[in-house]
Every structure is written in C-alpha cells, then in structure tokens.
Amino acid sequence: MATEIRMPQLGLTMEEGTIAKWLKREGDKVSVGDLLVEITTDKLSNEIESEVDGYLLKIVAQEGEDIPVKGLIAIIGEEGEKIDLAVDDKIEATKDELKVELTGIASKEEDKSAVTETGRIKASPLAKKTAKDLKIDLRELTGTGPGGRIVQRDVLAAAEKKKLQPSIEETIPAPQPVTVTEVPGDIVKPLSNMRKVIGKRMQANKQIAPHVTITTEVNVDKTIALRNKLNAKNLEARFSYTDILIKMSATALINYPVMNSSITEDSFIIHDRVNIGVAVALDEGLIVPVIRDADRKGLKAISAETKELIAKARENTLSPDEMNGATFTISNLGNYDVDGFTPVINLPEAAILGVGRIVRKPIVNENDEIVPASMMVLSLSFDHRVVDGATAAEFLKKLKGYLEDPDNMYV
C-alpha cells in the first residue's frame, strides 16, 4: 500500500518548506530511518528521515520548489506498485481531502492550458474554494497541476503576491539579467540554499517595508562598570554586552509596545510577549535564534540561553521553533570594529536594533569639560507603516538612558 510523504511542519509558525536536495532517487529502496530529503525552512536545513519501508515510487516536489506544509512531496510503496497522481489536487491536498488512487498511471496526453475551448476553467475543487475565499480570479492564473490544472498552490501563491507586493511590481522595473564575464583565476561558487533564502528575504523586506533608520551615540561607561562588577561576582556566567542589551531592550519595549509589534495586510499586532531575536553570523550566512519572554527573565537566564542558542546556531542544530517568533531583533557588529550601520528589518517585525563597537573618545560633559568616555552608536531601523519617527526616537532615548545609567531600569 502506497504511503504519501508530505511536507512536515517543523515549527509552530512554519507555512512552507523548500526542497533543497533529494537524498534518494526514484526507484531506490527506502528503510525506516533512512535520510530521504533535505528541506530548507527559514534559513535552517533539515534532513528528513523516512518513517516507512518500501521503494521511492514518485518524487512529486522537485529540488528548489517551495511546498506548503502537508503538501505532497513523494510517494513510497511496494516495488512496481502503480500510482495515479492525475486527480484534482494530488500535490496540494491533505490526507483528509484526497487519497492516492492506486489505479495505474494515466497515459492520456492532456491539454496543458487551464482554460478549455468551452471556456471552462480547469481547477481543483480545493483551488476553487480557496480562490473564492481569497477573492482570486482563476482566469488570471496559470495552472501548475497535472494537465495544466489550477491547484491550491497556484491560488495561495497569487494571494501571497497580491498581499505582500500589491504595488511593488507596478513601480519597480523587472530586474534585468546580469552578465558577468569570467576570466582565468575567478572562482565560481553556486549560491547555497541559505544564501538564496537570505537574498529573497532581504530583497522582499527592503521592498515591502518603508525603512527609516535613526542613530544615537551613547556613553556606556556605567554599563561597562556594571558588566565588570557582575562578571567579578559571577565567574561562571560571564555576561556579554549583548546579554545586557537584550534585557535593556526588552524592558524598553514594555514602555513602547508598538515597537514590539508585527504587521499584517490590514492590521498590526502588538505582542504581549517580548521575544528578542539575536543575529548570529555564520560562514555561510546569517541566522537569528530567539530569546523568548526576555522581559520576564533575569540577566543570568538570558545569558545562559543566549550562549546555548549561539552554540547551536554555529553547530547547525537549532530547531525551527528556536528561530521563529521573534518580535524584535538585535544585530551587534561591535566585535567587527563597526561604528554604525543600517540593519534590515526582519518582517513581520516592526524594528531592529543595530549595535556598533565601543570606542574611547573625548566628549564634553555637563560642566563643559573635555573628558574621555566609552561611546557606542545605536542604529534603530523601523517600519514606518507601523512606527512613527517620534515613537522610535522615544524608545531609543529610553534605551540610551538605561545604558548611560542602568539604575534607570528600576525607576
């Protein structure tokens, strides 16, 4: 009896995954526990094991395809077993909606157009229902299902395009192919799946969200003194500046809840929980593990969790849930001698904080005296659809006040 292999939900917020690489070929024998396919989801690669014994009869989803959760990606069955995929929504339907019919592979050559000569639109019942619910005109779609049939995936893709980029394609010229001449000595490397995902997301984030970045310079002498004092008392903890910034940012977000929000098509959600994403640089790209409920945790707990997640990120052992659900992100490039930069917002979050290095420099104090101080530049990028400049400035001022005098956190 054939078994449908479907896109697993690897995280609570996962909606789709990309087929990165098939580790078995059609016709291969498969045993329980064998690595079957590599799936990329939200910058993380996951190797999926087979849960059944049999033979890989059919690979439905090809490498590079984005497949929704529960979407059909392959079929495993007995050797020589015949299957039929040419029925309605075999690729998109869930197990409760359709079952694979073992009646033989259809051999009839089908018309690839979604519209018949009589004007009838070839679309699955599920696609028609979804199109009606999402107000999508099926006549404007090109079917990717068997015989050119419109399936639910086509409708969902059109709805996502309409929701996220209603005006971008009208105002931004289509990118032209880039021609690069290779010369002897050049090294050509294919883009990894992580780099492709990062590229697509960064481009979409910059195009969709109207970014505004504001900066301020902060005297962190008292924060340095606080860190040194804490580390002297807690030799096993060793608090970092990122640990302290996570706690201070979470506390500031409580005072300015709109900064801790996510935007949807026609509304924005102010989150009750403060989940701080921490950008971690890897050799092959960037990954953002999440410190959940940072406003409700002590500094020691935040420090321990941050160290654990960063270690997992560098070992590529983060789970999808450890990377999802951030409501605000911090990107600290201070270790790279960067003074300031303009970080890109991680949609649907409303803001991201960029942190520069600490530099000793002369400043003029309140007594008009020139004195040395440890200065840090903070760069806050925010989505102007949700956050106004004054609110962002007030939030940054609050955070600056904590860094310049940590006692302000308890006032």
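The values are calculated or read from the model by the stated rules, or taken from the named source; none is laboratory data. This is a predicted model, so every value here is computed, not measured. Here the Cβ positions follow ideal geometry from the backbone for every residue, glycine too, while neighbour counts run over all protein chains shown. Ligands, DNA and RNA are excluded from the accessible area calculation, which covers all protein heavy atoms including side chains. Shrake-Rupley method; radii C 1.70, N 1.55, O 1.52, S 1.80 Å.
Working from Cα pairs under 8 Å separated by at least six residues, relative contact order for the chain is 13 percent.
Multiplying the residue separation of Lys189 and Leu23 by 0.36 nm and removing their Cα-Cα distance gives an extension gain of 57.6 nm. Against the chain, whose longest principal axis is taken from its Cα atoms, helix 241-255 shows a tilt of about 80°.
Estimated from the Cβ-Cβ distance and a Förster radius of 22 angstrom, the FRET efficiency linking Glu404 and Asp368 is about 0.75. Take 278-291, 219-232 and order them by the average number of nearby Cβ atoms within 10 Å per residue, most first; the result is 278-291, 219-232.
Treating the angle as unsigned and between 0 and 90°, give the value, to the nearest 10°, between the Cα long axis of helix 125-134 and the longest Cα principal axis of the chain. Compared with the principal axis, the helix lies near 30 degrees. Both radii come from the Cα set of the chain: Rg as radius of gyration, Rh as Kirkwood radius; their ratio Rg/Rh reads 1.05. Per residue, the chain exposes 55 Å² of solvent-accessible protein surface, assessed with a 1.4 angstrom probe and all protein chains in place. Note on Ala393 and Glu51: their simple-model spin labels are 5.5 nm apart, each label 7 Å out from Cα toward Cβ. When restricted to Cα atoms, segment 262-383 yields an Rg and a Dmax of 16.9, 53 Å, respectively. With Cα atoms defining each centre, segment 14-54 and segment 349-411 are spaced 46 Å apart in the structure. Taking Cβ atoms as reference points and 9 Å as the exclusive limit, the residues near Ala250 contribute a net charge of +1, counting Lys and Arg as +1 and Asp and Glu as -1.
State which entries of Lys29/Lys129; Lys58/Lys135; Lys300/Lys400 exceed 30 angstrom in Cα-Cα distance in the structure shown.
Lys29/Lys129; Lys58/Lys135
Taking the 1.4 Å solvent-accessible surface of the chain as the whole, the part contributed by carbon and sulfur is 51%.
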